[in-house]
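Data block below; observations after.
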Amino acid sequence: MMNLDVTLDKVFENPLFGIWYNYGRYVTEMNLGKTWNPAVALTRVYGSDRKLADVLMAAEKVPSTKAMAAELQNWQVTLWLYRMLEPRRVYSLLRVDEGASRNLFREYVEAYEEVVRILSRNT
């Protein structure tokens with residue numbers, strides 16, 4: 001059994017995590033009556049959106065976990081969009097500052113803002 005509580009800092013390096021993740025993707029792809037978003041489960045495990053965002057940003061800096069972390073960040077953003085989280089909150093969660101060094105994150109959040117605007121018009 002994968003003990004997420006003990007291995008939170010190295011969870012993406014655990015082979016059991018990959019099995020859990022791939023199973024969830026399989027269930028979603030086969031449409032077995034469930035919609036699965038790993039960010040929901042991981043947010044519960046880590047205790048908050050911010051803690052999970054911090055872990056994912058750190059995991060993106062490690063070559064062996066970079067790809068999975070990027071994919072999980074996409075899942076997390078999908079969850080935020082589903083919840084219609086305000087762009088200011090996303091700025092806060094991603095710890096975006098106004099410095100030029102955070103240009104990439106700023107562009108990411110601006111794209112998020114545009115999607116929220118489009119979704120708001122369609123609801």
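So what is Rg over Rh here for the range 1-83, counting just Cα atoms and using Kirkwood for Rh?
0.94
Which order results if ASP54, ASP49 are arranged by neighbouring Cβ count within 10 Å, fewest first?
On the way: ASP54 15, ASP49 21.
Least to most surrounded, the residues fall as ASP54, ASP49.
Please arrange GLU113, GLU29 by counting, for each residue, the other beta carbons lying within 10 Å of its beta carbon, fewest first. Don't skip to the end; give the middle numbers.
Numbers: GLU113 14, GLU29 9.
Listing GLU113, GLU29 from fewest to most nearby Cβ atoms yields GLU29, GLU113.
No lab work stands behind these numbers, since they all come straight from the coordinates. As the structure is a prediction and not an experimental result, all values here were calculated from the model. Positions of Cβ are backbone-derived with ideal geometry, glycine not excepted, and every protein chain shown enters the neighbour counts.
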